[in-house]
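Notes to accompany the following structure.
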Amino acid sequence: MPASGDQSLLGTGTRSSVAPANILLGRYELGRLLGCGASAKVYLARNLRSGQSVAIKCFRKVSIANGGLANHIKREICILRRLRHPRIVRLHEVLASRSKIYFVLELVKGGELFACVASRGRLPENLCRRYFHQLIAAVGYCHSRGIFHRDLKLENLLLDENGEIKVSDFGLSAVPEQIRGDGLFHTLCGTPAYVAPEILAKKGYRAAAVDLWSCGVILFVLVAGYLPFNDPNLMAMYRKIYRGEYRCPKWVSPELKFLISRLLDTNPESRITVDEILLDPWFRKGLDEEKCASLARFCEEPMAVEENKTSMAEAINAEDRPLNAFDIIGFSSGVDLSGLFGAPAERERFISDVSPEGIFRRVEESGRNDGFVVRRKGEKGCAGVTVHGQNGNLVVAVEVYRLAGGLNVVEVQRGRAAVGGGRWAGEFWNLEGEGSP
């Protein structure tokens, strides 16, 4: 996420003077607000253990539910945890409390590429080529893994401290599981000025071709300083897009004009592909064979979080280690993230900084005071307590999974004896910590 400058997070105060209200879940020191959107706020933050600066994107669950954004958030989590590339903003971890979801993201300090073009105007062709190399490296990497962005635009391209591009905001991205029986995508999405003509036709489309159309719009803006399709009347702009009506400025080289014409081809079947872009003369100018081969490989960075295909139970029993956020979310590509957005009455999961022993003592005390039968159980990396009624029916089962940094994931499973009513069906735990955003 973008940040301007490298200022201290909380003014001139030292770490020891940080107010508890500015500590998120015991792990991050929250700083100034970097940005605010319709559904989320982004804060500058610092990892208390490592000192690393990060950006934390905070979503309120009520806003997600009211805006119908749950599927977008789930999709973005699933996609970002599969992507490890130097030209893509990294998701470090996901945290959740009762009322909020937090994305802990790589901090990108240079701001949006859009702001750069808005302030400087058109860019030299050599710089455009450099940015386009980086964009195609990221897009090609995603496509080679079956992931399609579907909302590529200058505002979603960030610049790091070295002036290198980072692609962000995968909330509208698509994966192969969304393809219908005809082998095409059908969801209408994207930003109006960057949207491909086949989407306007409201027919099925190939998401890879849609991304490359958007890359063509981006390349045009970089070299021209303005959008290829623009009109104060939205429908008039859509007509221009559908017909492919644009003009390259006179300062654009013939080689670049040809590449743009192939990117902005209104026929998705003949539109240039990533593999063909890698062979384009304008794209290859100044690249030696080794660099071209490197771009074509769409190399990824070593995975910071190992992709694990086992179940949560298998992972817990395999070794006694703290779980990370991706363990809690799930281990397979088809993870169930419904627990992040509010669980059914019978099940609840939250993060607490109370020790496992403190949690168990509270449950045991409450259970015995009510005349229930309480039993402990323990496994590697996980421990729990169950509460049963005198007839043997389950009232509640509580399990605790250790996270790093002294935090724990508490999972509460209520039996039928509790779901019907009473305090065991209510939220009497008060065991979670929550930051100030």
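Only one of (1) of a type in the set (A, V, I, L, M, F, W, C); (2) over 18 Å from Leu127 (Cβ atoms); (3) more than 32 Å from the chain's Cα centre (by Cα); (4) at pLDDT 95 or above fails for Leu256. Which number is that?
In the conditions (1) of a type in the set (A, V, I, L, M, F, W, C); (2) over 18 Å from Leu127 (Cβ atoms); (3) more than 32 Å from the chain's Cα centre (by Cα); (4) at pLDDT 95 or above, Leu256 misses (2) alone.
Please indicate, with yes or no, whether at least one residue in the stretch 226-242 is surrounded by 14 or more Cβ atoms within 10 Å (Cβ to Cβ), in contact (Cβ under 8 Å) with a residue 24 or more places away in the chain and farther than 20 Å from Leu154 by Cα.
yes
Any idea which of Val139, Val117, Val108 is farther than 19 Å from Leu219 by Cα, in contact (Cβ under 8 Å) with a residue 60 or more places away in the chain, surrounded by 17 or more Cβ atoms within 10 Å (Cβ to Cβ) and β-branched (Val, Ile, Thr)? Break it down into steps so the answer makes sense when it comes.
On the way: Val139 fails: farther than 19 Å from Leu219 by Cα; Val117 fails: farther than 19 Å from Leu219 by Cα.
Step by step, each of Val139, Val117, Val108 is checked, and only Val108 is farther than 19 Å from Leu219 by Cα, in contact (Cβ under 8 Å) with a residue 60 or more places away in the chain, surrounded by 17 or more Cβ atoms within 10 Å (Cβ to Cβ) and β-branched (Val, Ile, Thr).
With (1) at pLDDT 80 or above; (2) over 34 Å from the mean Cα position of the chain (by Cα) as the list, and Glu399 as the residue in question, which single condition is left unmet?
Only one criterion in (1) at pLDDT 80 or above; (2) over 34 Å from the mean Cα position of the chain (by Cα) is unmet by Glu399, namely (2).
Tell me whether the stretch 60-72 contains one or more residues that are within 14 Å of the chain's Cα centre (by Cα), part of a loop (DSSP other than H, G, I, E, B) and in contact (Cβ under 8 Å) with a residue 24 or more places away in the chain.
Yes, the stretch 60-72 has at least one match.
I'd like to verify a number: residues in the stretch 137-166 that are part of a loop (DSSP other than H, G, I, E, B) and more than 19 Å from Asn126 (Cα to Cα), how many?
At the first step, the residues of the stretch 137-166 found to be part of a loop (DSSP other than H, G, I, E, B) are 145-147, 149-153, 160-164.
The next check asks that each one be more than 19 Å from Asn126 (Cα to Cα); those that pass are 145-147, 149-153, 161.
Total satisfying the criteria: 9.
Under 8 Å by Cβ, and 6 or more places apart or on different chains, what pairs join a residue from the stretch 282-296 that is surrounded by fewer than 12 Cβ atoms within 10 Å (Cβ to Cβ) with one that is of a type in the set (Lys, Arg) and modelled with pLDDT of 80 or more?
Every condition considered, the pairs that remain are Gly286/Arg129.
When Glu76 is evaluated against the numbered criteria (1) outside any loop (DSSP other than H, G, I, E, B); (2) closer than 18 Å to Glu161 by Cβ, which criterion, by number, is the only one it fails?
So Glu76 meets the others, but not (2).
For the subset of the stretch 43-59 comprising residues that are assigned to a strand (DSSP E or B) and touching a residue at least 60 places away in the same chain (Cβ under 8 Å), which member is surrounded by the fewest Cβ atoms within 10 Å (Cβ to Cβ)?
Cys58
The values are calculated or read from the model by the stated rules, or taken from the named source; none is laboratory data. These figures come from a predicted structure and were not determined experimentally. Positions of Cβ are generated from backbone atoms using ideal geometry, with glycine treated the same way; all protein chains shown enter the neighbour counts.
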